[in-house]
Every structure is written in C-alpha cells, then in structure tokens.
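The values are calculated or read from the model by the stated rules, or taken from the named source; none is laboratory data. In this text, all values refer to a predicted model and were calculated from it rather than measured experimentally. Cβ placement follows ideal geometry from the backbone for every residue including glycine, while neighbour counts extend to all protein chains displayed. The protein model used for the area step is the full one, side chains on, heavy atoms only, and it has no ligands, DNA or RNA in it. Shrake-Rupley method; radii C 1.70, N 1.55, O 1.52, S 1.80 Å.
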Amino acid sequence: MSDAVTLTGMPAQARRDIGIKRRYAAERRFRAYGIIAMAVGLFFLAALIFSVVSKGYTAFVQTTITLPIEFTEKDVDPDNKRGENPAVLAQGDFAKLIKQGLAKRLGFDPSDRKSAKLATAMISDSARTDLRDMLVADPSLVGKTVNVSLLAEGNIDSANKGQIDLSVPEARRKVKDKQLEWMKTLRDAGDLTKAFNTGLFTNGASSRPEAAGLGVAAMGSLFMMVTVFVLSLPIGVAASIYLEEFAPKNRLTDLIEVNINNLAAVPSIVYGLLGLSIFINFAGMPRSAALVGGLVLTLMTLPTIIIATRASLKAVPPSIRSAALGLGASKMQTIFHHVLPLAMPGILTGTIIGLAHALGETAPLLLIGMVAFVADFPATPLEPSTALPVQIYMWANEAERAFTERTSGAIIVLLTFLILMNLGAILLRRRFERRW
Amino acid sequence: MNMMAETTLEPKQAQAMNEPVYKMIGNKVSVFYGTKQALFEVSLPVREKTVTALIGPSGCGKSTFLRSLNRMNDTIDNCRVTGQITLDGQDIYDPSIDVVELRARVGMVFQKPNPFPKSIYENVAYGPKIHGLARNKADLDQIVETSLIKAGLWNEVKDRLHEAGTGLSGGQQQRLCIARAVAVSPEVILMDEPCSALDPIATAKVEELIHELRSNFTIVIVTHSMQQAARVSQRTAMFHLGNLVEENDTDKIFTNPDESRTQDYIMGRFG
Ligand SMILES: Nc1ncnc2c1ncn2[C@@H]1O[C@H](COP(=O)(O)OP(=O)(O)OP(=O)(O)O)[C@@H](O)[C@H]1O
Ligand SMILES: [Mg+2]
C-alpha cells in the first residue's frame, strides 16, 4: 500500500482522506437544508389547512327552527279552487303561516307588530318557498298542522354557532335581546337545532347566506371537467404521439415544440380573453356557459397534457420499440401495443394534474362571464352556471359573517375535490404500473 | 474495393462442385449516418442454414451491417443505405417490399435482453398474434410451447407462463427473446452480441441453442468473443473500419486467414 502511487505521482496515502470530512459535512448541511425547507413548507400547509378548516367547518351545519305550521285554508286557498287547479296553492300567503306558527310557538299576539317583525326575522325568507313546495307536493296538507323544520336566518345561525359578539350594545347588533331569549326557549325545547347543511351542496346562488349553496357552481365545474377531460385527453395524447413518433424532426416541429412550452406558461387570464373573443364574440356561443368555460380550460390544459405525455413517451425505453419493430410490428402497433401502455401512468398523472389546475382556475372564467348570480341549476352545459372557485371568489366579497364561513366551507369542498383527484391519479398510476 | 469484392466471391468459385445456397446477399452495401459513412461497399453473402459470425473491433460497423439486413436502420432518423441486399434473390430495399413482412422473415435478437413488460406467454405470443399465425387459442398455445422448447426455456418457465417476462434472470430473458423471435417462424435470425450481458453458463446455453437452431434457420451473429465465433459459426466475416476485410470458413479464418489484419485481430494485437 505504501508504495501505491496516484497518477500525479504523489504518495497515495497522503491524498486519500483529503476532504472526506468536508464532504460529509457538506452532505449533512445539504440534508439539514432539505429538512428545514420541508418543515417550512409543512408549517405553511398546516397553517393554511388549520385556518380554512377552523373557519369553515361550521358551514357544514345549519341552524333550523321547528315550528307548528297550520296550512289554514283561508290563507292558502281562499276561494277553494285547488280541486280544479292545484297550482293556486302556490299563491298562498306563506309568510302569514310562518308568522302564525311563530306566534303560536313563542306565545305572542300575532297582531303585535313589533314582536311579529322580530320573530319573522329569525326565519329565512327561503322558508316561504320551502313551505310552498311542500304544500304543492302534497295538497292534502291543507287544514292540517304539521311540525316543520325551517331554515333559521343567517344572523340567527351565526348567533347559534357563537360567532356573534353579544357584548356589543343591542342597538348595534344584528341579533336583538328578544330574539336571543326566544332562541334560548326554542333551544331548551329542542326546537332550535343544528343539522347537516345539505343546502350547501344542493342550493344555487342566493343573496341570503343561509340559503346559498354550491350546487350550481359544482354542477358548472362538473360540466367543465367533463368537457376538459373529453377534449383534452384525446387531443393532447394524439398530438403528442404525432409529434413524438411520427413528425419529422425539422424547423417547423422545433418551432411547434417551443411554442407548446411557451403556451404552458401563458397566464390563464389570456386564455380567458382568447375564449371571449373566439368562442363568444366570434362563434356566438352563450355567455356564462359551462361549455365555453370547458373549452377555454381545455385550451389551457392542452399544453400541460402534451408536455407530460411527450415526456412519458420519451421515457419508454427504446429497447421496447426495437423489440416490437424487430418482430415485424408496424409503427402503429408498436406505439399502441407497447409504448402507450407503458407511458399511460405518466399520461394519466399529467392529465389529472392538468384537470386539477383547471378545476381551481378562476381568472379566465371571470372574463367569459361565469361570475354571475345563478340560482337555477343548469340542465345543459350551454345554460348559465358558475364554478366552484368563482363561487368562492364571489362569497369572499360578501360582508355577512355567514358568508365568510361559507367561503371557507367552499374552499374545503374544493380542496377535497383536488385531493380526491390527486388520489385518483396515484391509484390509476399504481393500477397501470402493476401490469409491469 | 473491387479487389475485396472478388475476395469474398472466391469461395463460391472454389466450391463450385458443391454450390452453397445463399439466403441473403449484400452487394456493395454502404451505410451513412447523416454525412458520416459507417460502411464502405460491403459485399457479403450469407449462406442458408449456416451460422455466420461477424467479428471486428468496436465501431467497425458490424451492428450497422446486421441492422441493414432487416432494415432496422430505417428506424434511425438520418440513416441512409445504398447498394443492394437480397433475400432469396429479392431486393429488400425495393419499394415493393413491405418492412413488416421482411422483419417477420428476418428476425432479430438484441444485445441487451429486451422482453416486453408483459407475461412470458404474451412475450412469445405477440409476434404470432400480429402476423395472424394462429387461428385459435390452442394454435397459439402450441406455438408458444414449441418456441419455448426450441429456445430451451420451456422446462424452466412452463409453470409460470403468466408471470412477468422481466422477472426472469438475464440469461433466461435472452432465451425468451430468442423464443419470441423464433415464434414468428423467421427464415433468418440476426443476433447482435446476444451473450454480452450473460454469464458463462447462460452463454453456453445460448450457444448450444444457436447450434440447434442452425438446422432450421439461417443465423447471423455479431460477437466480440473469438472463442464464441469459433464455437458456434461455420462462416466468419471480419470487419475493420467499415470495410469487410475477409469472409471465409471459420476454421480457415482462425487458423490461416488470408489477411494480416484478421490475424492481428484474432491474436488480440488490436481492437
Ligand atoms: N445511430 C447512429 N448514429 C450515428 N452514428 C452511428 C449510429 N450507430 C452507429 N454509428 C456509427 O457507425 C459506426 C459503426 O457502428 P456500429 O454500431 O455498427 O459498430 P459495431 O461494429 O457494432 O461496434 P460494437 O462492436 O462496439 O457494437 C460507428 O462509428 C458508430 O459511431
Ligand atoms: Mg454493435
């Protein structure tokens, strides 16, 4: 060993351990940086999730007040015409029914206007339509008294959830002392309860927070996701296969490649402008429609999918191609039997990440008019609708406490969808990879 | 160049009494990668049901010549082939020839075992499937079995046909690749250093296999091992710097070559 000599002629032993300590120190430092970076990232993630969840979890429950409602005939069908035309029931005076129910339950005189006003303010305006729908669905209720759970008004809901500062003088408070007293009575009797907020998922837009829901937005997002998936996956994969496997390598394809990479970096709002001028102004498609949103998001997602697909096609070992070609498989057979299945996990991951991006995209949708007050469910992608992130944006601009809570609730819903999609990506990748 | 062409044709005249059958004939084959010429007017006949070994130092164009025999060069972007190569007297670069059919007739085994990431069964069955060689499942099973038997792999894998082909050992994978090539019943099998990634025992098995395959197939094999060339081949062609130095009976090449360059290479003096 002692006479071993390195190439430079120095004795080997002398050179051997030079820098070993430094190298290990560098490695330890690098690891420490990595751990610090991870810790910082995790801290912010945890902070984000904590703030959203702590603000938003209450949005998933909603206060309801159970009242004995008597469907008195003179209020809902004064002329007794429901026999020939059941539709007259829809014109009933349901506000009065609620007032009477409240008076009976809380024990005040219905003609006491001050009490009546305070009491009816505790029930959401949307309760009237709920009662109407109930009666129209079952006309035999006329003349009967039923216990009905009605949505509480937004401020009552907030007060019930302990979100309203009661130390503020009554005059500057949205919820009055008398109402608080009634709430206590009702709560003690079990008539003021918190229940799971199905309305959050089934209702459309509403100016009353307690009746506002994500239903229309979720529907719009669903339509858009389907559009994006159906269009961008086949177009993106076909384009990538052509570019990667068939296109000659020349200036033109180089130019196309550079431009695809550039398109992936174009700000999404520019796609919104493009969609506005092409799909709406030029092609004359309707504003606020999920289909247009889907098309815009498709354009936005395509570069991502093409880049991911080309990368995973490139990653398929050339030896597999040679093996297939050497057996006499045609180029198409080689690609579809061997290359594409191997590239599939990568393609699907890219696609789902693209879709997840599209799901959370807001800016381009604002430009094509999807930021709108849409209360009715869209039956087709051509009808006006909104999207989940746009709904969040709109709610975030509202002042009421109940909307703040719903904003965070909607963020939770959106994040849940995103996590589900990413899980789906992981599962799909596993599934395809297990086929060797 | 001309002189060399004559040299290669010499054995033909010498053996005029016992005329050999040529399966494939390369005539003044030149191959260019872009502007770089990798093969210079190589004229090399390949005898039927014979193992022909291609030897020569690294980078001399053995693989290039081999790939031009089944037009795998077509898959390389800027590769251009001139001259003529015939299979049973038919020019394989003729526009009327379909590469797919050509490659079904001239199969290939690569340097690194490259089974498909599918089951052993599917690896072997793939070729017959795309070429419509089996009318039904039983036919296909039969083809898979005989191919694996021919490749000497049947006994080792018959109980695990539906397991991954990539889960086999390197030597088994290479024999699987040979079975896969054999399954489409080619007339010629090209092998590019088929044993370079294998240990001596697996190598011995593959060599034995080549011996047996010779009775049914015409085989062209590239090898860096002089011993292997001597063991498995009947004819040997020596390449150097893109030129064919000489081609002759293996015995003659290894005992008494005409060219001093061949002698030097075999004795390990360069390469
Ligand atoms: N795809 C390619 N593109 C450009 N040049 C190539 C390509 N393949 C081979 N060549 C060149 O052609 C010449 C012959 O290469 P080839 O692979 O045929 O050599 P070889 O005899 O098989 O060598 P080895 O024994 O190392 O495999 C080399 O100079 C090589 O650099
Ligand atoms: Mg080679």
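Being buried (at least 22 other Cβ atoms within 10 Å of the Cβ), within 16 Å of ligand 2 (Cβ to nearest atom), within 11 Å of another protein chain (Cβ to nearest Cβ) and touching a residue at least 12 places away in the same chain (Cβ under 8 Å): is that true of residue B:113 here? Even if it seems obvious, please write down each step before you answer.
On the way: buried (at least 22 other Cβ atoms within 10 Å of the Cβ): yes; within 16 Å of ligand 2 (Cβ to nearest atom): yes; within 11 Å of another protein chain (Cβ to nearest Cβ): yes; touching a residue at least 12 places away in the same chain (Cβ under 8 Å): yes.
So residue B:113 passes the test.
What tally of residues in the stretch B:42-63 results from selecting those that are under 12 Å from the mean Cα position of the chain (by Cα), surrounded by 23 or more Cβ atoms within 10 Å (Cβ to Cβ) and not in a strand (DSSP E or B)?
The number of residues fulfilling the criteria is 1.
Out of A:84, A:27, I need the residue that is acidic (Asp, Glu), over 18 Å from residue A:134 (Cβ atoms) and at pLDDT 90 or above. Which one? If you could, list the steps in order and put the result at the bottom.
Details: A:84 fails: at pLDDT 90 or above.
The unique qualifying residue is A:27.
Mind listing whichever residues of the stretch A:269-291 are in a helix (DSSP H, G or I) and within 18 Å of the chain's Cα centre (by Cα)?
First, pick out the residues of the stretch A:269-291 that are in a helix (DSSP H, G or I): A:269-282, A:290-291.
A:290, A:291, listed by residue number.
Residue A:174: open to solvent by 40 Å² or more (accessible area, probe 1.4 Å), assigned by TED's automatic domain parsing to the domain that holds residue A:378 and either modelled with pLDDT under 90 or in a loop (DSSP other than H, G, I, E, B) (or both), yes or no?
Numbers: open to solvent by 40 Å² or more (accessible area, probe 1.4 Å): yes; assigned by TED's automatic domain parsing to the domain that holds residue A:378: no; either modelled with pLDDT under 90 or in a loop (DSSP other than H, G, I, E, B) (or both): yes.
So residue A:174 fails the test.
Per-residue answers, yes or no, for (1) out of contact with any helix residue (DSSP H, G or I) (no Cβ under 7 Å at 6 or more places or on another chain); (2) farther than 30 Å from residue A:216 by Cα; (3) within 14 Å of chain B (Cβ to nearest Cβ):
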site: A:319; (1), (2), (3): yes, yes, yes
site: A:325; (1), (2), (3): no, yes, yes
site: A:343; (1), (2), (3): no, yes, yes
site: A:359; (1), (2), (3): no, no, no
site: A:363; (1), (2), (3): no, no, no
site: A:373; (1), (2), (3): yes, no, no
site: A:378; (1), (2), (3): no, no, no
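Run down A:224, A:219 and say which single residue is open to solvent by 10 Å² or more (accessible area, probe 1.4 Å), closer than 30 Å to residue A:58 by Cα and not acidic (Asp, Glu). Walk me through it before giving the result.
Numbers: A:224 fails: open to solvent by 10 Å² or more (accessible area, probe 1.4 Å).
Residue meeting the stated conditions: A:219.
Given B:236, B:166, which one is touching a residue at least 12 places away in the same chain (Cβ under 8 Å) and more than 14 Å from chain A (Cβ to nearest Cβ)? Quick ask: steps written out before the conclusion?
Values: B:166 fails: more than 14 Å from chain A (Cβ to nearest Cβ).
Being touching a residue at least 12 places away in the same chain (Cβ under 8 Å) and more than 14 Å from chain A (Cβ to nearest Cβ) holds for just one of B:236, B:166, which is B:236.
Looking at A:319, A:312, which one is open to solvent by 40 Å² or more (accessible area, probe 1.4 Å) and either in the same structural domain as residue A:238 (by TED's automatic domain parsing) or not in a helix (DSSP H, G or I) (or both)? It would help to see each step written out before you state the result.
Working: A:312 fails: open to solvent by 40 Å² or more (accessible area, probe 1.4 Å).
After ruling out the rest, the residue left standing is A:319.
Please enumerate the residues belonging to the stretch A:106-132 that are among the small types (Gly, Ala, Ser) and assigned to a helix (DSSP H, G or I). Let's see the steps before the verdict.
Applying the first criterion (among the small types (Gly, Ala, Ser)) to the stretch A:106-132 yields A:107, A:111, A:115-116, A:119, A:121, A:124, A:126-127.
If the condition is that a residue be among the small types (Gly, Ala, Ser) and assigned to a helix (DSSP H, G or I), then A:115, A:116, A:119, A:126, A:127 are the ones that fit.
Please go through the stretch B:72-84 and give me each residue that is within 12 Å of ligand 1 (Cβ to nearest atom) and among the hydroxyl-bearing types (Ser, Thr, Tyr), ordered by number.
B:75
Of the residues B:87, B:102, B:39, B:69, which is within 23 Å of residue B:180 (Cβ to Cβ), touching a strand residue (DSSP E or B) at 6+ places or on another chain (Cβ under 8 Å) and within 14 Å of ligand 1 (Cβ to nearest atom)? I'd like the intermediate steps shown before the answer.
On the way: B:87 fails: within 14 Å of ligand 1 (Cβ to nearest atom); B:102 fails: within 14 Å of ligand 1 (Cβ to nearest atom); B:39 fails: within 23 Å of residue B:180 (Cβ to Cβ).
Just one listed residue meets the conditions, B:69.
Give the stretch B:116-150 a look and list any residue that's at the interface with chain A (Cβ under 8 Å from one of its Cβ atoms), touching a Gly at 6+ places or on another chain (Cβ under 8 Å) and open to solvent by 10 Å² or more (accessible area, probe 1.4 Å), or say none.
Result: B:117, B:118, B:130, B:131.
How many residues are among the polar types (S, T, N, Q) and within 16 Å of ligand 1 (Cβ to nearest atom) when one looks only at the stretch B:159-216? Break it down into steps so the answer makes sense when it comes.
Filtering the stretch B:159-216 down to residues among the polar types (S, T, N, Q) leaves B:166, B:169, B:172-174, B:185, B:196, B:203, B:215-216.
Restricting the remaining residues to those that are within 16 Å of ligand 1 (Cβ to nearest atom) gives B:196.
Counting residues in the stretch B:159-216 that are among the polar types (S, T, N, Q) and within 16 Å of ligand 1 (Cβ to nearest atom) gives 1.
What residue, among those in the stretch B:79-110 that are within 13 Å of chain A (Cβ to nearest Cβ) and farther than 21 Å from residue B:192 by Cα, is farthest from ligand 2 (Cβ to nearest atom)?
B:98
Before we move on, is residue A:64 surrounded by 15 or more Cβ atoms within 10 Å (Cβ to Cβ), within 34 Å of the chain's Cα centre (by Cα) and at pLDDT 85 or above?
Details: surrounded by 15 or more Cβ atoms within 10 Å (Cβ to Cβ): yes; within 34 Å of the chain's Cα centre (by Cα): yes; at pLDDT 85 or above: yes.
The answer is yes for residue A:64.
Might you check whether a residue that is over 28 Å from residue A:303 (Cβ atoms), surrounded by fewer than 23 Cβ atoms within 10 Å (Cβ to Cβ) and under 14 Å from the mean Cα position of the chain (by Cα) occurs anywhere in the stretch A:373-390?
no
From the list A:95, A:103, which residue is more than 30 Å from residue A:406 (Cβ to Cβ), assigned to a helix (DSSP H, G or I) and in contact (Cβ under 8 Å) with a residue 12 or more places away in the chain? Before you say what the answer is, go through the steps one by one.
Numbers: A:95 fails: more than 30 Å from residue A:406 (Cβ to Cβ).
Result of the check over A:95, A:103: A:103.
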